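So the structure is just underneath, and the comments pick up after that.
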Amino acid sequence: MSLADPVLLAAGLLIAAGLAWAAVAAARRRAAALAAAGVAAGRPGSSRLGGVWLSVAGVAVLAVAVAGPAASVPVSHASGTVILAIDVSGSMAATDVAPSRLAAAKKAALAFIDAQPDSVDIGVVAFQRGGLEAALPTADHATASAAVRRLAAGGGTSLGDAVLASLSAITRRTVTIGLDGSAPNIGYWPSATIVLFSDGQDEAGGASESTAADGDTSADAAASVAEKAGVHIDTVGVGTIAGTTVDVDGYHLFTALDPATLTSISQATGGTYHPASNASELDGIASSINLRLTVTNEPLPLAGAFIVLALALLAAGAVLTVTRTGRVV
């Protein structure tokens, strides 16, 4: 237990000690006077003083209350950093999720931002080829919401580079995998989470190599970097397995949700894959993603409890004194 003002406690205890000394001295004087008159008297600390002792105890407890006592208790709450990595590739213009994959993902992302407490810093990464950092993590959630609203579909997708761009936003330094496939040591970030909205279409493909021939980082290699850094990746599948066609740069291309790729990324980092084949499922993403809980010690004020106890002691002392002596003091 801690005290906000120990000086007040010391002063209050001195007052209580003074009252106790005065009560004992008065009892002794009374006993001496009765003895001089030839009247037998009980001990100074007899039951006659019971009410006085209760009152003195009440003053002492009140002294503790005014000193501002507080206990340190562990409290868990959502906090840390969340990066919303949103796929803005051409395939996200598909309309198998109304009104489009990207529009539905943006709506879900905005709902997710609105649901987070101020203790969570939120950043946004819009990823095409190579990843594009749109907004660094900040406690100003309006900034993240504005970044999401600005997103538009176009370009290609590399899920691996998207993960690296998100890790760069978390660490605030460029995170890359070496040409020899060596993974960087970016430290440990257990309070950070990446929420990746995508249809799973990956231009880097399922390459086993860390870096594909065209320079894109494989999703597996990037997920490995996140896993070693303690960063969970929750993936949100936007689209349907049945798929649809979409116009990209004048071409009619077939595109479908790839849950296997997204599941692999999330499982590799201890995260969770969340399927969302329609807009209503996406609307519930905010409640289905569980962020890390950070436990911190926070002060719990105890003054109120001590005041209640002090008043109870003072009241009991007054009642006992009146009952046994017929006087208030």
### Task
Considering only the stretch 109-144, state which residues are in a helix (DSSP H, G or I) and free of Cβ contacts under 8 Å to residues at least 12 places away in the same chain.
ALA142, THR143
### Matching residues, the stretch 11-35, being among the aliphatic types (A, V, I, L, M), exposed (fewer than 12 other Cβ atoms within 10 Å of the Cβ) and under 20 Å from GLY317 (Cβ atoms)
LEU14, ALA25
### Query
Would the stretch 95-108 turn up any residue that is closer than 30 Å to THR244 by Cα, within 26 Å of the chain's Cα centre (by Cα), outside any helix (DSSP H, G or I) and touching a residue at least 12 places away in the same chain (Cβ under 8 Å)?
no
### Task
State which residue is farthest from the chain's Cα centre (by Cα) when the search covers only the stretch 243-255 and only residues that are more than 30 Å from GLY270 (Cβ to Cβ) and assigned to a loop (DSSP other than H, G, I, E, B).
GLY250
### Query
What is the one condition in (1) out of contact with any Leu (no Cβ under 7 Å at 6 or more places or on another chain); (2) of a type in the set (A, V, I, L, M); (3) modelled with pLDDT of 75 or more that VAL75 does not satisfy?
(3)
### Query
Can you find even one residue in the stretch 45-56 that is outside any helix (DSSP H, G or I), at pLDDT below 80 and assigned by TED's automatic domain parsing to the domain that holds GLY317?
yes
## Note on the structure
When the stretch 103-121 is checked residue by residue, the ones that are acidic (Asp, Glu) and crowded, with 18+ Cβ neighbours inside 10 Å are ASP121
### Query
What is the one condition in (1) buried (at least 17 other Cβ atoms within 10 Å of the Cβ); (2) within 20 Å of the chain's Cα centre (by Cα); (3) in a loop (DSSP other than H, G, I, E, B) that PRO190 does not satisfy?
(1)
### Query
Which of the residues spanning the stretch 150-176 are among the hydrophobic types (A, V, I, L, M, F, W, C) and either more than 18 Å from ALA192 (Cβ to Cβ) or part of a helix (DSSP H, G or I) (or both)?
LEU151, ALA152, ALA153, LEU159, ALA162, VAL163, LEU164, ALA165, LEU167, ALA169, ILE170
### Message
Please verify whether THR240 is part of a strand (DSSP E or B), within 20 Å of LYS106 (Cα to Cα) and β-branched (Val, Ile, Thr), treating the condition exactly as stated.
### Response
no
### Message
Quick test for you: out of THR143, THR81, pick the one residue that is at pLDDT 85 or above and in contact with a helix residue (DSSP H, G or I) (Cβ under 9 Å, 6 or more places away or on another chain).
### Response
THR81
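The values are calculated or read from the model by the stated rules, or taken from the named source; none is laboratory data. This is a predicted model, so every value here is computed, not measured. Cβ: placed from backbone, ideal geometry, glycine included. Neighbour counts: every protein chain shown.
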